[in-house]
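Student: I am attaching a structure below and will ask some questions about it afterwards.
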Amino acid sequence: MDLFSRSWAALRTAVAELPDEDFERPSGCAGWLVRDLACHLVIDAQDVLITLATPEDREPTRNAVTYWDLLDEPPTGDDPLDALIVRLAAAYQEPRLLKFHLDDVGSAAGRAAALADPAARVGTKDQVLTVGDYLSAYVMEWTLHHLDLIAHLPHVPGPPAEGLSRSRAMLEELAGAAFPAAFSDADALLVGTGRRAPTAGERAALGELAGRLPLVLG
């Protein structure tokens, strides 16, 4: 839970400190500007609040790793919710309004996570998880989206090292194989999730694993 809080705080701080012009730059999410990504983070924060307020008595059906479904294809932008996020982001008009909303809802999600019982059970997407596992799964969400945020903004600080390391470990568990030791944690995540194509050297180092990539998380 502490890693969830650190990863989330680092991502929100990075967005809060962006100059206005950076909101119109592309993000690492195909088809999304930085402002669209920031708007998606507002929705993410709402999801965290909703899930933490949805207690369950049933036994857990997923854990922090199996929370993630592996999709056959990457998002195309045609999904109705993805299209809605782009329209919502444009409706803010001024970056300061989007920053304010993310800080407001995002801070509330952070406080709710800090106050939650890790052993309690919650429901989301027809799944049951412990709070601890749910928040651990979101370390991957925050870390990947932090990498998306800085994809074309090299001056912006990246995600915490602990979040990168934990997210790599989760992705390797999903892949059923370890990425080469020569890969940095960030490169393992970017290549592993299809955020960038591997170089010829990286593909050779990946060996059989290359044929199972990218892992599209849903």
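The values are calculated or read from the model by the stated rules, or taken from the named source; none is laboratory data. As the structure is a prediction and not an experimental result, all values here were calculated from the model. Quick reminder, even Gly has a Cβ in these numbers, built from the backbone with ideal geometry, and neighbours come from all protein chains shown. Quick note on the areas: whole protein, heavy atoms, side chains included, nothing else; ligands and nucleic acids left out. Shrake-Rupley method; radii C 1.70, N 1.55, O 1.52, S 1.80 Å.
Student: Only one of these is charged (D, E, K, R) and surrounded by 17 or more Cβ atoms within 10 Å (Cβ to Cβ): D126, D148, D117. Name it. Before you say what the answer is, go through the steps one by one.
Tutor: Numbers: D126 fails: surrounded by 17 or more Cβ atoms within 10 Å (Cβ to Cβ); D117 fails: surrounded by 17 or more Cβ atoms within 10 Å (Cβ to Cβ).
D148 is the lone residue from the list that is charged (D, E, K, R) and surrounded by 17 or more Cβ atoms within 10 Å (Cβ to Cβ).
Student: A further question follows. All but one of (1) surrounded by 14 or more Cβ atoms within 10 Å (Cβ to Cβ); (2) at pLDDT below 95; (3) not aliphatic (A, V, I, L, M) hold for D79; which doesn't?
Tutor: Failed condition: (1).
Student: If the requirement is being out of contact with any helix residue (DSSP H, G or I) (no Cβ under 8 Å at 6 or more places or on another chain), in a helix (DSSP H, G or I), among the charged types (D, E, K, R) and modelled with pLDDT of 95 or more, which of these qualifies: D133, D148?
Tutor: On the way: D148 fails: out of contact with any helix residue (DSSP H, G or I) (no Cβ under 8 Å at 6 or more places or on another chain).
Of the residues listed, the single one that is out of contact with any helix residue (DSSP H, G or I) (no Cβ under 8 Å at 6 or more places or on another chain), in a helix (DSSP H, G or I), among the charged types (D, E, K, R) and modelled with pLDDT of 95 or more is D133.
Student: If we scan the range 40-52, do we find a residue that is at negative phi, open to solvent by less than 30 Å² (accessible area, probe 1.4 Å) and not hydrophobic (A, V, I, L, M, F, W, C)? Full working, then the answer.
Tutor: First pass over the range 40-52, keeping only residues at negative phi: 40-52.
With the extra rule that they be open to solvent by less than 30 Å² (accessible area, probe 1.4 Å), the set shrinks to 41-42, 44-45, 48, 51.
Those left that are additionally not hydrophobic (A, V, I, L, M, F, W, C): 44, 51.
Yes, the conditions are met somewhere in the range 40-52.
Student: A further question on this structure: Regarding A90, is this residue surrounded by fewer than 15 Cβ atoms within 10 Å (Cβ to Cβ), aliphatic (A, V, I, L, M) and over 20 Å from the mean Cα position of the chain (by Cα)?
Tutor: Numbers: surrounded by fewer than 15 Cβ atoms within 10 Å (Cβ to Cβ): yes; aliphatic (A, V, I, L, M): yes; over 20 Å from the mean Cα position of the chain (by Cα): yes.
Against the criterion (surrounded by fewer than 15 Cβ atoms within 10 Å (Cβ to Cβ), aliphatic (A, V, I, L, M) and over 20 Å from the mean Cα position of the chain (by Cα)), A90 qualifies.
Student: Still on this structure, I have one more. If you check every pair at least six apart or on different chains, which have Cβ atoms under 7 Å apart with a residue in the range 74-88 that is within 12 Å of A30 (Cβ to Cβ) first and a residue that is at pLDDT below 75 and surrounded by 14 or more Cβ atoms within 10 Å (Cβ to Cβ) second?
Tutor: Within 7 Å, the pairs are D82/P75.
Student: Same structure, new question: Could you please give the count of residues in the range 157-200 that are among the basic types (K, R), touching a residue at least 12 places away in the same chain (Cβ under 8 Å) and open to solvent by 50 Å² or more (accessible area, probe 1.4 Å)?
Tutor: Within the range 157-200, the subset among the basic types (K, R) is 166, 168, 195-196.
Now restrict to residues that are touching a residue at least 12 places away in the same chain (Cβ under 8 Å): 166, 168, 195.
Now restrict to residues that are open to solvent by 50 Å² or more (accessible area, probe 1.4 Å): 166, 195.
Final tally of qualifying residues: 2.
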